[in-house]
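Visitor: One structure coming up, written as structure tokens, with questions to follow.
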Amino acid sequence: MTGTQLRPTVGTDTEFQPRLSLRRKVGAVFGVLTVVAMAIGLLTLGTLIVDVVRDGWSVLSWDFIRNFPSRRPSEAGIRSALIGTVYVMVLVAVIAFPLGVSAAVYLEEFAPKNRLTSFIELNISNLAAVPSIVYGLLGLGIFVRALTLGPSVIAGALTLSLLILPIIIIASREALRAVPPSIREAGYALGASRWQTVRMFVLPVAMPGILTGTILALSRAIGETAPLITIGALTYIAFTPKSLLDPFTVLPIQIYNWVSRPQPAFHQLAAGGIIILLAVLLSFNALAIVLRARLQRQIRD
């Protein structure tokens with residue numbers, strides 16, 4: 001008995017050709033728009049950097065770095081703001097990094113999946129989008145007044161740590177989720193406990209991603225002005241802080257102080273301060289990138 005073999009009805013190449021052609025055209029247009037948007041952003045950023053370097057290059061000198069702020073532009077420097085920025089950022093990294101990574105490890109690896117953890121995760125995501133001035137008011141109420149720390153270095157560092165803590169937690173959790181499950185299973189197969197598996201297998205693999213999130217968080221913290229002004233950071237300091245309870249200022253506040261003055265000479269000082277701020281930011285980022293690259297080499301080896 002012979003019969004015609006039944007085949008599923010499918011579209012021919014001529015039917016799919018118009019759709020495929022349309023998708024390729026849409027993809028090409030989207031690619032062009034993406035390149036144009038990136039070019040506009042890079043061109044704007046490059047224009048701003050060139051303008052700042054052109055205005056501030058003339059004031060850059062060792063005297064500008066060593067001198068304290070002054071009412072005379074020819075004698076003004078950035079020493080107190082530069083040292084205050086370094087102090088605050090080092091404290092922020094020391095405080096926020098271990099707390100953020102520990103919270104991410106607990107929520108991702110150990111916390112039970114229930115309504116409480118879901119509520120905590122939702123609030124962490126919401127806190128990452130809260131305006132920085134709110135954290136300044138929180139730092140003013142808790143650290144400056146309730147704990148009587150005053151407008152000190154440690155109060156500023158704690159306030160900025162709260163600001164970037166949700167960002168570090170979210171980035172760290174994403175890095176932990178990216179670790180393949182086979183690595184955890186290999187640890188359990190070797191007889192390691194859950195904590196040993198996380199500490200010896202999961203964290204080393206996730207650490208490059210964690211450091212990337214930390215770099216972005218610290219980059220945000222180093223340029224914040226509103227929270228520090230809210231807690232009482234000074235705009236003029238002619239001394240460097242000697243302890244964690246001393247008053248302080250930072251580069252963004254000093255730059256804001258110079259920009260708000262009408263004299264063009266102070267605007268040049270502000271441009272020089274922006275160059276120094278960018279140099280400090282790139283130095284912190286370069287250190288974190290070197291650590292991340294070394295960890296990646298150790299993982300590959």
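The values are calculated or read from the model by the stated rules, or taken from the named source; none is laboratory data. Since this is a predicted model, take the numbers as computed values, not measurements. Methodologically, a virtual Cβ is constructed for each residue, glycine included, from the backbone with ideal geometry; neighbour enumeration extends over all protein chains shown.
Visitor: Within region 37-61, can you find the residues that are over 26 Å from the mean Cα position of the chain (by Cα) and in a helix (DSSP H, G or I)?
Guide: ARG54, ASP55, TRP57, SER58, VAL59
Visitor: For region 218-241, what are the residues that are more than 21 Å from ILE169 (Cβ to Cβ), part of a loop (DSSP other than H, G, I, E, B) and touching a residue at least 40 places away in the same chain (Cβ under 8 Å)?
Guide: GLY232, ALA233, LEU234, TYR236, ILE237, ALA238, PHE239, THR240, PRO241
Visitor: Across region 106-136, which residue is surrounded by the most Cβ atoms within 10 Å (Cβ to Cβ) among those that are in contact (Cβ under 8 Å) with a residue 40 or more places away in the chain, part of a helix (DSSP H, G or I) and in contact with a helix residue (DSSP H, G or I) (Cβ under 6 Å, 6 or more places away or on another chain)?
Guide: Ranking the qualifying residues of region 106-136, first place goes to GLY136.
Visitor: Residues ILE215, ILE170, ILE142, ILE154: which one is modelled with pLDDT under 90 and part of a helix (DSSP H, G or I)?
Guide: After applying the criteria, what remains is ILE215.
Visitor: I'd like to know if region 187-206 contains one or more residues that are under 29 Å from ILE49 (Cβ atoms) and touching a helix residue (DSSP H, G or I) at 6+ places or on another chain (Cβ under 7 Å).
Guide: Within region 187-206, not a single residue is under 29 Å from ILE49 (Cβ atoms) and touching a helix residue (DSSP H, G or I) at 6+ places or on another chain (Cβ under 7 Å).
Visitor: Now a separate question. Give region 193-211 a look and list any residue that's assigned to a helix (DSSP H, G or I), polar (S, T, N, Q) and surrounded by fewer than 19 Cβ atoms within 10 Å (Cβ to Cβ), or say none.
Guide: GLN196 - this is the single residue of region 193-211 that is assigned to a helix (DSSP H, G or I), polar (S, T, N, Q) and surrounded by fewer than 19 Cβ atoms within 10 Å (Cβ to Cβ).
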